[in-house]
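A quick write-up on the structure given underneath.
The values are calculated or read from the model by the stated rules, or taken from the named source; none is laboratory data. Just so we're clear, the structure is a prediction, and the values are computed from it rather than from any experiment. Don't worry about glycine lacking a Cβ; one is built from the backbone with ideal geometry, like all the others, and counts go over all protein chains shown. Ligands, DNA and RNA are stripped out before the accessible areas are found, and what is left, the full protein with its side chains, is counted by its heavy atoms. Shrake-Rupley method; radii C 1.70, N 1.55, O 1.52, S 1.80 Å.
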Amino acid sequence: MRNHTEQSPEQSTDARTKAAGAGAGAGAHGAEDRGLPLAPLLALATAAFITSLTETLPAGVLPAMSRDLDVGESTMGQSVTIYAIGTALTAIPLSAATAGWRRKRLLLTAMAGFALAHTVTAVSGNFPLTMAARFVAGVAAGLAWALLAGYARRMAPVALQGRAIAIAMTGIPVALALGVPAGTFLGEALGWRVTFSLITAVTLAVIGWIVATMPDYPGQRRDGRTATTPRTLTIPGVAPVLFVTLVFVLAHTILYTYIAAFLDRLGMGGSTGLVLLVFGAASMVSIWIVGIHINRRLRALTLAGVVLVAAASALLAMASGSPVLVYAAVTLWGLGWGGAPTLLQTAVGDAGGEAADAAQAVLVTLWNAAMAGGGVVGGILLGLLGSGSLPWSVLALLLPVLIVVTGARAHGFPARRAGRE
């Protein structure tokens, strides 16, 4: 296995010895479980939860924010867009600029940026200042997202790296399933400023958690071997994974962003919260399945995820107001989508090898660009063709995704992950 970043032989041997020794003397599964440092992995999961929750939270408290800041709701809605822009514009250059930083220091810096941005958002009475804070939060998200998967990989023995990433990524479906609805409820009950203040408090708690439990690792040595983005894109397997990331996330976001409008067309507008809860619960099951099987079946799981989301889109396209079909579809959607962040970040890390940090930064950029693009494309489709066109557009986008995953058998989505058997 090629290291995620440059390490001395002594550091690499010591880390592997400790990780392997942690599970000695038990059965296979017991040994594996004890080889995972759960406390720091759960700290990473909480950081992922904060980044995912923060990105979309303003959508749930939009009317109150727009009233307090004296702007229209459509204008206030750009607070979601500017967050994604902050991440997309800065993930690659900042990851390159901080490649030599020690990983713990960099993660703490990102989380401190979150705490500052949330605090400013909570107290701001000025729209431009609020937007600036949201941009800073997006920048911090870019740093954090580029770190999370690599950090999780380095804390685990080689055979359990996929499972470690799965644990670290559980914060994403939890935020989608529970965090955003809970934040919306708190915003309505206590005010949106209290909600952002609570996120600041949680972020500060995570900072303390990281300080207390997270191991530290060096960054990359600044020499001729330091990966650049163009060089990273030429590594076999990296480009196919990045293409799949861009198009898969775009397809998902087109439908997810406007799911309320789609359900309203079916006469289920009052069930949006329950539908999203079912989606989130299925996503959690997907994360669990992926965590168990990713080390041996990354390719099969990725193909299954694409097919499940395509099947869900087909069911939604034919739902015609049938609640049974809708709930069946969102269950399949969650099962197909929930493990996608883990699968894609693991795949790009495997393909990138020693350039994995740079590859992760590109993935984060494309992910957020796809999220922003999904909102725009979905909005155009909604205005021109109506919400019924959304699931059909997802099906059209998933066809090239399926073709690329199928074709990337040697590199990107190999049938066997080297060194994991």
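Numbers at a glance
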{"item": "Spacing of the two label points (7 Å from each Cα toward its C-beta) at ARG231 and LEU38, in nm", "result": "4.1"}
{"item": "Segments 358-370, 237-249, 266-278, 123-135 sorted - mean Cβ within 10 Å per residue, highest first", "result": "358-370, 237-249, 123-135, 266-278"}
{"item": "R0 of 41 Å, Cβ-Cβ distance ASN126-TRP288: FRET efficiency to nearest 0.05", "result": "0.40"}
{"item": "At least 24 Å along the helix axis (C-alpha) and Kyte average at least 1.0, DSSP helices within the chain", "result": "38-60, 78-97, 127-155, 192-213, 238-257, 272-317, 356-385, 389-407"}
{"item": "Accessible area of the chain belonging to carbon and sulfur atoms, whole % at 1.4 Å probe", "result": "69"}
{"item": "Label corresponding to semi-axes √(5λ) of the Cα gyration tensor in Å when calculated from the structure given, among (i) 53, 21, 17; (ii) 33, 26, 20; (iii) 31, 27, 23", "result": "(ii)"}
{"item": "By average C-beta atoms within 10 angstrom, highest first, the peptides 213-219, 315-321, 90-96", "result": "90-96, 315-321, 213-219"}
{"item": "Solvent-accessible heavy-atom area per residue, rounded to whole Å², over the chain at 1.4 Å", "result": "39"}
{"item": "Distance between modelled label sites at ALA314 and LEU198, nm, 7 Å Cα→Cβ extension", "result": "4.1"}
